[in-house]
Structure formats: C-alpha cells, structure tokens
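Asks: One structure coming up, written as structure tokens, with questions to follow.
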C-alpha cells in the first residue's frame, strides 16, 4: 500500500509537471509515414494578406502530396515576442521572419538558421543585391520577400492649403515648408517618439546623408563611431527640432496604435507629414473608419539632402523581411520558401499591397501609385542602409535609440548620442 | 500493537522511549499511520510545491544565474562576467533614476494616499444618504483592469485633443505645451495622480472594513462623555485602525516598488526617462535590448531592495501588531 500511494503521488507530480512544462512539446517537422509538417509563422494577420497566404499554402500542398503546412498568423509584436521565446527554448518554427543585421548574425552564431546558399541559389541570383542584408561571410541565410525604404508620407491637400507646390529636396526647403504649414495653422510633422524608433529614424537618415557610404559600411563591422559625421547627424536633427515641427506631446506619442498615434494623426488629417516605412498606407487604412487611410491624398517624398553632407542624396534608409528556415527544419521547408519567392507568389503579394516585392518580375504588379514611387526610390538608390538598430543588433541599437529619444527631449547632445552608442558597442566586444 | 510497531521501526532503545512517550500524549494510532500521513501530505502538497518550483523558485534561480553572464537570450549561456552586470546597473544613471522614482512613489503614496483614504473612509463610515452608491463609485477604479484604466487615462491626457486639456482650456488656463505626460517635469506627478485615482479605492475599502471592527460601545461611551465627532475619530477610530493602516502601508510600499503596468502604458518610462521604474528598466534591458544579464542583475537588485524593506518594516512596524495578537 505504501508503494501504491507513493507511486500515486509521483503520478500527480508528473501530471502537474507535464501539464505545465510539456505543452511546448516539439510538434514541428514530424515525419511519420512520409507525411511532413512544416510550421510557418508570419505577421500578415489581416485580410487580404492572411487569406492570400492560406491560399498559397493550399496551392503548394496540392502540388506536393504528403506535405502539410501549419500556419500561425500573428500580429507583428506578438510574433516578435513569440520568436524571442522560441529562440530561448530552441523550439523554432520551420519558416519564420528574419530582419537581417545583427539579429541574424546572433542567430547564425548560435547555429539556429539553415544556410540556404546552395539550395536556393537560383532565387538568390534573381533577387540580386537586396539579398545582401541576409548574407554573412558570403553565405545566405534567408530570402527577403519585401524590402522597403523609409521616406516622408504627406497629405497632398494640406500641402496645397499651405501653398507648397513641390515636396522639398533639401533641409532648407523643408524648413521653409514647415514654416509655411505652421503659418497656415497646420501641425507639420507627427513622430511617435514614445516608441523611440520613429524618432531614431530621423537620426539614421541624417547620418546617412552626412556620412560617406564607406564610413557607414565600416561602422557595421568595426562598431567605430569616431567619424565626425555622426556628430553632424545629431546637429542636423537638432536644427530640425529647433523649428518645432512636431505634434504636441510627441515625446510620448506612439507610432501606430490608435487615432492619437503618429500614423493616426496623419491618417485623420491632423498633421501634414510623417516619416515612416513602406507599410504606412496599410497602417493608415487600419486607423480610419472608412478603411481608406489618406486615400488619394497620399503623397511620398524621399528624405531631403543635408547641406555639406557626404552621403549621396539618393541613398535610402530601409529594411525588409526575409523568410528564414531553422536549422532543424526538413528540406521541404526550403522548397516552400523558394516557392514563396517565385514570380507567381511575389506577383500576388504585390497585387494585394502586402509589401514591396524583391523579385523583379513582380515590380509591375505594384498597383498603388504611392507605393510604386517608394519602389522606384528603392530600386534607384545606389545604397540602401539597413535600419541602424537592426544592423547593430538589439543591444547597441537599443542604446542608440534611447539616446536619440533623449536628444529629441533636449536632454542629450549630438555628442551624447555618439558616446552612448560607442559605449554599448564597446561592451559588445 | 502500538509497541510492536514502534519496536520494529526504531533501532535504538532511547529513541524508542522518546517515541513511545510522544505517542502516549497523542491518541494511539495503528501501524504505519505515520507513513500514511506523510504520504497524504506529500500527495496533497506536491502539486502546489511543483507549481511553486516551476513558476517561482526556478525563475528566481535562473534570474540570479543569468545576472552573472552576458547572454542575448538564446544559445548557450557561457560568457561568465562575474559582477560586471551589477556594476553596470548600479552605475547606470537611468537605473539610479528609476530607483529614485520608485521611492518617490513609495513615500508620496503614504504621505498623500493615506490621509486622503482615511478621510474618505471616515466620511463614508457615517450614515449619509447614498452611502452605498458612493462606496461603489470610490471602489470602481480599483476593480478596473490596470491596462484599461491606463489606456483611458492615456487618451484623456492627450495634448490638444484630450479631454483634460480641453477642460483646462475651458476654464481659461493654459495646459502644458507638450501635454502632462510629454513634459519631463510633470510626467511623474501625472502618473502618480493616476495611480492615486486607481488605488485610493483599495485603501478606503480596507479602512472601512477596519472601522467595522471598532466596537460601537466605545463610540457611544465617548459620545456620552460629550466627545465631538472629530475627537471620536481622532482618539478612538484612527488608533484602533492602526493595524489596518500599517498593513495597507506595507501593501502600498511593495506595490510602489514593483510598479510597472501603469507607467508602461502611460509613458513607457519616458519622456527622457522621467518616469522609469526598476521594473520598466529591466524590461527595457531584457526584452528590449536583449541584455538579459543586465536585466537579471536589475531584477535581483529590485528583489533585494523589496526584501530588505519588507523585512525592516516587519521588524520595526508590523511586529507590534503580531506581538499584540499573541
């Protein structure tokens, strides 16, 4: 009887441990009886994107009997959190999104991402230079499916009201336009500095305009920020802040949540401009009752040139999303990723305005005129700088963004931004 | 039968004696009863202990372990750096600022919410019309989920478009240019006002419950002696509320040290780090910057500060109450 009770107690212990600890049992890439299941996480959790991806998976399953694709469509932030947890536990989905830069480098170093240089060589050739952001030491670890650049989205009606005939091309012109908008009683720009990265993008862009390309490419590997152009970048931002162009309370404004966020203010006609990535029209659509965002009042222009800057004014700041395959995933997962980059799927992706396709065969499928403008700016850019926070990784990028937010609050100098970034970079080495 | 059981289960005679003497005091039990009882205890306690181990002990142990390594959140944890993370946290201005903010909230809560809560509780303890409704209204903010309350206040406090700025302008005053939450000098005070609105209800509820425990004959006796309402409250009600007040202070202190949700929603620790708390700092370092070692060190320091303060409070303040009970 003693042993019976003891084993019962043991059973209860095991049961409670199992219930709470073993929920995450590895159900990916089961291979029983020739059946392969591929898990795929993506962030297109709205229509039409969600339905489109379901259809893509179904089409693939129909052509490849025995392969089952298990999709998890999540909101972007949820996906990022779940991916962090997945990397901690080592239970990574077979196909997931990589944003490149320092983050990818860390994942590769930990041996979690499959090298697809050979198995997807055809697609890599087709995508061309854009794949560079996902290559480490000449090896490719993910295929970018959308690559966009950041620029200024504006309300063409409000520009007209303020008497602005053409978008500005230099900082001086921009400053004049800001003054014109203010004279017309219009708040010129909204920025979600509460989320930090939207504010940081201003510094990234002024750095891109101020620094020669080789200084920036060197900085990514050497983590050396001693070139004076980085301080100049901060000074240009300070000059812009001096014109008081931003919405009231921008220090705690959120980027894209609700009508009072930076994107919401632009979408509802409360401000004239906002600097954001190619996703902005989609975000604005979600923030307006009629689901149209700014509609045909949407305009876009690239970040203006900085006086005496050493960067090419056609260079762009941007980034993208790529499909990566985890190290443990079955070969079919690589094959499916190749299918996702095919002409057919990328064309559908573009037609549904889900992003800016990387497969050149899909370029003509981008119907939205504003997005087509962004696509042209991207393809014409001699150099596309990956967002610095992504390029340098979370630790250095986070320190950088926090200090830029302080610069926006007037609590840090241009030199402080460089020092804080350098300090975080030194701690990394 | 009892003797036999004891004899077979104990090896030495003196110990057997002791057991027998002990068993004589309690009721004699059949053979194996001790074992059965132990198994029963094990049976019922194991699930709870297992949960404790998984969700409390293990996370604490891993946070301590993490705090000695440089670790990005995945891969092997093998870059041991000793106390460097602690050095970083303790010399980081943002963290020392966060500790200051936490302590400002701790003391402001006690200095402002205590008298306010006490006053409202004493008023609501009187027989006034609509007492039930008033009590409910006062308590509603506490029942509201913190996130929902935070989002509502975030919208109310929006500069220009927000209701509060509108009200201030309607009475002819000028609200702060960047809004209450967007101005570094005002942000912490604004967060504290929202916290007071949210948690005053709990203080009032506890104090009202405490007042129920004051025997009514004491009031009657005082009234017969000609004491005024104010004298009755000051000499009888408040002193007898002592244990309740001290318990509330303890809860308030711990809550203020762990403050996270409301700050995260209203300001995210900004503007210009004006409202960071230890908890927002460690979340920013951990999930934000992937500096899990630094976040681990910050969490250990937060735990240590909370633990020491709780202990000191226990020894110097609460002991009086527990001693009185014995």
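The values are calculated or read from the model by the stated rules, or taken from the named source; none is laboratory data. As the structure is a prediction and not an experimental result, all values here were calculated from the model. With ideal geometry, Cβ positions are generated from the backbone for all residues, glycine too; neighbour counts draw on all protein chains shown.
Asks: Could you list, in sequence order, all residues of segment A:345-377 that are in a loop (DSSP other than H, G, I, E, B), touching a strand residue (DSSP E or B) at 6+ places or on another chain (Cβ under 9 Å) and modelled with pLDDT under 90?
Replies: Here is the first cut: in segment A:345-377, the residues in a loop (DSSP other than H, G, I, E, B) are A:352-356, A:358-359, A:366-368.
The next check asks that each one be touching a strand residue (DSSP E or B) at 6+ places or on another chain (Cβ under 9 Å); those that pass are A:354-356, A:358-359, A:366, A:368.
Answer for segment A:345-377, where residues must be in a loop (DSSP other than H, G, I, E, B), touching a strand residue (DSSP E or B) at 6+ places or on another chain (Cβ under 9 Å) and modelled with pLDDT under 90: A:354, A:355, A:366, A:368.
Asks: What about residue B:68, is it at pLDDT 95 or above, within 23 Å of residue A:107 (Cα to Cα) and either outside the structural domain of residue B:273 (by TED's automatic domain parsing) or surrounded by 15 or more Cβ atoms within 10 Å (Cβ to Cβ) (or both)?
Replies: The answer is yes for residue B:68.
Asks: Another question about this same structure. Suppose the filter is in a helix (DSSP H, G or I), surrounded by fewer than 20 Cβ atoms within 10 Å (Cβ to Cβ) and under 20 Å from the mean Cα position of the chain (by Cα); does residue A:206 pass it?
Replies: No.
Asks: Here is a further query. So is residue A:330 surrounded by fewer than 20 Cβ atoms within 10 Å (Cβ to Cβ), in contact (Cβ under 8 Å) with a residue 24 or more places away in the chain and in contact with a strand residue (DSSP E or B) (Cβ under 6 Å, 6 or more places away or on another chain) or not?
Replies: Yes: the conditions hold for residue A:330.
Asks: Residue A:81 passes all but one of (1) surrounded by fewer than 16 Cβ atoms within 10 Å (Cβ to Cβ); (2) at pLDDT 90 or above; (3) within 14 Å of chain B (Cβ to nearest Cβ); which number fails?
Replies: (2)
Asks: Same structure, new question: Listed residues B:100, B:136; which is assigned to a helix (DSSP H, G or I), at pLDDT below 95, out of contact with any helix residue (DSSP H, G or I) (no Cβ under 7 Å at 6 or more places or on another chain) and in the same structural domain as residue B:267 (by TED's automatic domain parsing)?
Replies: Within the list B:100, B:136, the selection yields B:136.
Asks: So residue A:406 ticks every box in (1) farther than 30 Å from residue A:243 by Cα; (2) without any contact (Cβ under 8 Å) to a residue 12 or more places away in the chain but one. Which box is left unticked?
Replies: Answer for residue A:406: the failing condition is (1).
Asks: Still on this structure, please answer the following. Regarding segment A:232-242, can at least one residue be identified that is out of contact with any helix residue (DSSP H, G or I) (no Cβ under 8 Å at 6 or more places or on another chain) and surrounded by 23 or more Cβ atoms within 10 Å (Cβ to Cβ)?
Replies: Among the residues of segment A:232-242, not one is out of contact with any helix residue (DSSP H, G or I) (no Cβ under 8 Å at 6 or more places or on another chain) and surrounded by 23 or more Cβ atoms within 10 Å (Cβ to Cβ), which makes the answer no.
Asks: Further question: Residues A:291, A:355, A:348: which one is at positive phi, outside the structural domain of residue A:204 (by TED's automatic domain parsing) and in contact with a helix residue (DSSP H, G or I) (Cβ under 9 Å, 6 or more places away or on another chain)? Working first, answer last.
Replies: Values: A:291 fails: outside the structural domain of residue A:204 (by TED's automatic domain parsing); A:348 fails: at positive phi.
One residue alone meets the criteria, A:355.
Asks: Let me ask another. Of all residues in segment B:182-233, which are touching a residue at least 40 places away in the same chain (Cβ under 8 Å), within 14 Å of chain A (Cβ to nearest Cβ) and in a helix (DSSP H, G or I)?
Replies: Matches in segment B:182-233: B:184, B:185, B:187, B:188, B:190, B:191, B:194.
Asks: Could you check segment A:120-177 and list, in sequence order, the residues that are more than 23 Å from residue A:371 (Cα to Cα), touching a residue at least 40 places away in the same chain (Cβ under 8 Å) and assigned to a loop (DSSP other than H, G, I, E, B)? Talk me through it step by step, then tell me what you get.
Replies: Initial filter on segment A:120-177 (more than 23 Å from residue A:371 (Cα to Cα)): A:120-125, A:134-142, A:161-163, A:171-173, A:175-177.
This time we only want the ones that are touching a residue at least 40 places away in the same chain (Cβ under 8 Å), so: A:120, A:122-123, A:134, A:141-142, A:162, A:171-173, A:175.
Correct list: A:120, A:141, A:162.
Asks: Does segment B:270-284 hold any residues that are more than 8 Å from chain A (Cβ to nearest Cβ) and touching a residue at least 40 places away in the same chain (Cβ under 8 Å), and which are they?
Replies: Residues satisfying the conditions are B:274, B:275, B:276, B:277, B:278, B:280, B:281.
Asks: Moving to a separate point now. Given the options B:16, B:5, B:34, name the one that is within 12 Å of another protein chain (Cβ to nearest Cβ), farther than 30 Å from residue A:425 by Cα, assigned to a helix (DSSP H, G or I) and at pLDDT below 95.
Replies: B:34
Asks: Take segment A:192-206 and flag every residue that is within 12 Å of chain B (Cβ to nearest Cβ) and in contact with a helix residue (DSSP H, G or I) (Cβ under 7 Å, 6 or more places away or on another chain).
Replies: The answer is A:192, A:193, A:194, A:196, A:197, A:199.
Asks: Also, quick follow-up: Can you confirm whether residue B:157 is within 30 Å of residue A:405 (Cα to Cα) and more than 13 Å from chain A (Cβ to nearest Cβ)? Reasoning before the result, please.
Replies: On the way: within 30 Å of residue A:405 (Cα to Cα): yes; more than 13 Å from chain A (Cβ to nearest Cβ): no.
Criteria not met by residue B:157.
Asks: Right, something else. Quick test of your reading of the structure: residue A:96 fulfils all but one of (1) at pLDDT below 95; (2) over 21 Å from residue A:353 (Cβ atoms); (3) within 14 Å of chain B (Cβ to nearest Cβ). Name the failing condition by number.
Replies: (1)
Asks: I would also like to ask the following. Report yes if residue A:361 is more than 22 Å from residue A:299 (Cβ to Cβ), surrounded by fewer than 22 Cβ atoms within 10 Å (Cβ to Cβ) and away from chain B (no Cβ under 14 Å), otherwise no.
Replies: yes
Asks: I would also like to ask the following. Looking at A:293, A:319, which is the one that is in contact with a strand residue (DSSP E or B) (Cβ under 8 Å, 6 or more places away or on another chain) and either free of Cβ contacts under 8 Å to residues at least 60 places away in the same chain or closer than 19 Å to residue A:373 by Cβ (or both)?
Replies: Selected residue: A:319, the only one of A:293, A:319 that is in contact with a strand residue (DSSP E or B) (Cβ under 8 Å, 6 or more places away or on another chain) and either free of Cβ contacts under 8 Å to residues at least 60 places away in the same chain or closer than 19 Å to residue A:373 by Cβ (or both).
Asks: Scanning segment A:269-300 for residues that are buried (at least 22 other Cβ atoms within 10 Å of the Cβ) and farther than 22 Å from residue A:319 by Cβ, which turns out nearest to the other protein chains (Cβ to nearest Cβ)?
Replies: Looking at the filtered set, the residue picked out is A:271.
Asks: For segment B:160-172, enumerate the residues that are in a loop (DSSP other than H, G, I, E, B) and in contact with a helix residue (DSSP H, G or I) (Cβ under 9 Å, 6 or more places away or on another chain).
Replies: B:160, B:161, B:162
Asks: Can you tell me which residues in segment A:388-399 are under 14 Å from residue A:150 (Cβ atoms) and crowded, with 22+ Cβ neighbours inside 10 Å?
Replies: A:388, A:389, A:391
Asks: Look at residue B:92 and say whether it is out of contact with any helix residue (DSSP H, G or I) (no Cβ under 7 Å at 6 or more places or on another chain), at pLDDT 90 or above and within 14 Å of chain A (Cβ to nearest Cβ).
Replies: Considered against the rule, which asks whether it is out of contact with any helix residue (DSSP H, G or I) (no Cβ under 7 Å at 6 or more places or on another chain), at pLDDT 90 or above and within 14 Å of chain A (Cβ to nearest Cβ), residue B:92 comes out as yes.
Asks: Which residue pairs have Cβ atoms under 6 Å apart, sit 6 or more places apart or on different chains, and have a first residue in segment A:63-91 that is outside the structural domain of residue A:50 (by TED's automatic domain parsing) and a second that is loosely packed, with under 14 Cβ neighbours inside 10 Å?
Replies: none
Asks: Name the single residue that is farthest from the other protein chains (Cβ to nearest Cβ) among those in segment B:45-80 being more than 23 Å from the chain's Cα centre (by Cα) and outside any loop (DSSP other than H, G, I, E, B).
Replies: Step one: list which residues in segment B:45-80 are more than 23 Å from the chain's Cα centre (by Cα), which gives B:45-47, B:50, B:65-80.
From what is left, the residues that are outside any loop (DSSP other than H, G, I, E, B) are B:45-47, B:50, B:65-66, B:69, B:80.
Numbers: B:45: 9, B:46: 5, B:47: 4, B:50: 5, B:65: 14, B:66: 11, B:69: 14, B:80: 15 Å.
So the residue we want is B:80.
Asks: Can I ask one more? Of the residues B:286, B:255, only one is over 14 Å from the mean Cα position of the chain (by Cα), closer than 30 Å to residue B:304 by Cβ, assigned to a helix (DSSP H, G or I) and assigned by TED's automatic domain parsing to the domain that holds residue B:150; which?
Replies: So the residue among B:286, B:255 that is over 14 Å from the mean Cα position of the chain (by Cα), closer than 30 Å to residue B:304 by Cβ, assigned to a helix (DSSP H, G or I) and assigned by TED's automatic domain parsing to the domain that holds residue B:150 is B:286.
Asks: Check segment A:385-405 and report whether any residue there is outside any helix (DSSP H, G or I) and either over 29 Å from residue B:293 (Cα atoms) or within 13 Å of another protein chain (Cβ to nearest Cβ) (or both).
Replies: Yes - at least one qualifying residue is present in segment A:385-405.
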